[in-house]
Each structure stands twice: as structure tokens, then as C-alpha cells.
Amino acid sequence: MARIKETYSTDRRWNATYGTYLSGQAAIDGADATAIEMEQRWGAGRLRLLVDTPLREKFDRQRFLYNSAIHHGDLEEVQRQAARMTAAWQALDKAAEAAGASRLAPEVWEVPLKDGTVAALVRDEIDAYNVSREGRRVVTYTLEEIGRMLENYREVVDTKIIFPGAEVVAIRRISIQDPLDAIRDGVSLDDPLDDIQDFNQ
């Protein structure tokens with residue numbers, strides 16, 4: 001009897017099959033995209049501190065439910081909590097606007113390179129977009145990109161130290177992972193996802 005119950009429980013995971021994983025991940029990506037947008041607008045971890053205590057508590061409770069659904073819920077629960085998480089971010093955004101809170105001001109640091117181009121170090125993609133619209137020969141690097149270079153591409157940094165003038169041709173940037181990257185050899189959307197640990201982090 002316990003074996004049957006265990007099998008049922010496993011089959012109820014939101015990421016039990018390729019099909020349910022894609023459905024759940026689509027909902028999660030939407031909520032995470034809203035979170036990224038809000039952090040670009042207000043700063044990382046800053047927005048929840050710009051609203052009153054009752055709203056901050058409601059927001060934190062929703063974050064708990066959202067994370068719990070990702071780690072333990074079925075597809076319906078993940079989709080429901082992802083939608084509520086998006087609404088929670090939007091509620092904070094509106095409350096901060098109504099309170100007259102100030103958004104982060106654009107910041108750009110520029111350094112000329114020998115070939116005549118200008119390297120612009122910016123805080124995020126919004127600032128990078130504003131710089132690119134100026135029409136100058138500028139290459140922008142966000143703080144996130146710099147951080148990834150230092151954390152995940154140490155060999156690139158080492159190479160630039162050893163070989164001055166070496167050019168970084170391409171660096172892969174991903175803020176929200178493509179869910180299809182996790183499906184390497186699926187044949188059907190009903191195929192089971194065997195290694196669920198990778199998707200519950």
C-alpha cells in the first residue's frame with residue numbers, strides 16, 4: 001500500500017514529466033522575469049523595504065508559498081503560486097510608486113580603449129539600453145556580466161592577465177534559463193523526468 005501511495009505522490013510532482021516540467025517552468029519564468037524587472041527598477045532586495053510592514057509581510061508570505069510550490073507542489077500549485085507571485089511584485093511596485101519612493105538613478109562608468117571604442121560599465125540592461133541608444137561606438141558591460149566573468153569564466157580573466165589585449169569574443173549570458181536546456185533526450189512530453197534535484201534548486 002505504501003508503495004502505491006509513493007508512486008502516486010511522485011507522479012504528482014510538477015516536474016514529473018517533460019510536459020509538466022515545461023508547463024511549470026513557463027509559469028516560474030514569468031514570475032522570475034517580473035522579479036528581475038522589479039530589481040532593475042528599484043534595486044536588489046530594496047523594493048520590499050519601500051512599502052509598509054503589512055504589505056511587506058504579505059509579500060514575504062507569498063514568496064514562501066511560491067518557493068514551497070517549486071520544491072514540493074504539483075503543476076496546478078506551481079502555476080497558481082507563480083501567478084500570485086507576479087501579482088505580489090506588481091502590488092509592491094504600485095505601492096512604492098504611490099508612496100513617492102525614488103527609483104534607482106542610471107549610472108554609467110566609461111573607459112576609452114586603444115581602438116577608439118568606449119567600454120561602458122552599467123548597472124543593468126536598462127542602463128545598457130539607454131547607453132546604446134546614444135549612437136556612439138560603445139560596448140556595454142552590466143555588473144551581472146562582470147560578476148559572471150569573474151565567477152564562471154576565471155580562465156578568461158586569467159588569459160587577459162597573461163595575454164594583455166586578448167579579446168573576449170563571446171560570453172553566454174542567461175538570466176532565466178531556457179527550460180529546453182534541461183531536456184536532452186526526451187521523446188515524448190509524457191516521458192518521466194528522472195533527475196528532479198536539478199529542477200528543485
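No lab work stands behind these numbers, since they all come straight from the coordinates. Small disclaimer: the values here were computed from a predicted structure and weren't measured. Note that each Cβ is placed from the backbone with ideal geometry, even for glycine, and that neighbours are counted across all protein chains shown.
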Fewest to most Cβ atoms within 10 Å: ARG12, ARG154, ARG123 sort as ARG154, ARG12, ARG123
Once label points are set 7 Å from the Cα along Cα→Cβ at both ALA83 and ILE162, what is their separation, rounded to one decimal in nm?
-> 5.4
Could you calculate the FRET efficiency of LEU113 with ASP29 from 1/(1 + (r/R0)^6), where r is the beta carbon distance between them and R0 is 35 Å, rounded to 0.05?
-> 0.45
Sticking with the crude label model, points 7 Å out along Cα→Cβ, report the distance from ASP60 to GLU151 in nm, one decimal please.
-> 2.4
